[in-house]
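The values are calculated or read from the model by the stated rules, or taken from the named source; none is laboratory data. What you are looking at is a predicted structure, and each value in this text was computed from that prediction instead of being measured. Note: ideal-geometry Cβ built from the backbone for every residue, glycine included; neighbour counts use all protein chains shown.
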Amino acid sequence: MAWAESRTRVAVGRNVNVSGKLIFHEPIRIEGRFRGEVRSVELVVVGEEGMIEGKVFAPRLLIMGELRGDLVGCERLVLGPRAKVFGNIETQNLIVAEGAYLDGNVRMTRLSAESAVTLD
């Protein structure tokens, strides 16, 4: 999705493997492989070749690649046509494109102030 590329900065580039904890205040994109925890108060995009293995805390998430872990405190989750998700999802809104794969539990919630994403 070209709009996602033009509105985000690359945090983990293609052919890059990173582990640890990433914290962002701006829209970001994962094009490589990341293992650990991602926290953002903005949009997080997992590119077609990107993968996150760990926990993600973000209000908006677009997955075109792979997520192996849990998603918490999400207002809107979009799974692209080649997305693969293995884990538990907590979101208010879920959009799944034809061809996406989801293996896990989905909990549709109304987010309260307590469950909103923080960068702590």
Scanning segment 24-50 for residues that are touching a Ser or Thr at 6+ places or on another chain (Cβ under 7 Å) and not aromatic (Phe, Trp, Tyr) gives 27, 28, 29, 35, 36, 43, 45
Which residues, taken from segment 84-107, are polar (S, T, N, Q), outside any strand (DSSP E or B) and surrounded by 14 or more Cβ atoms within 10 Å (Cβ to Cβ)? 88
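Which residues, taken from segment 76-103, are on the phi > 0 side of the Ramachandran plot and under 15 Å from the mean Cα position of the chain (by Cα)?
87
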With the requirement that a residue be farther than 18 Å from residue 41 by Cα and either touching a Lys or Arg at 6+ places or on another chain (Cβ under 7 Å) or among the β-branched types (Val, Ile, Thr) (or both), what does segment 89-108 give you? 95, 96, 99, 101, 106
Could you list, in sequence order, the residues of segment 1-35 that are modelled with pLDDT of 85 or more, in a loop (DSSP other than H, G, I, E, B) and under 19 Å from residue 76 (Cβ atoms)? 25, 26, 27
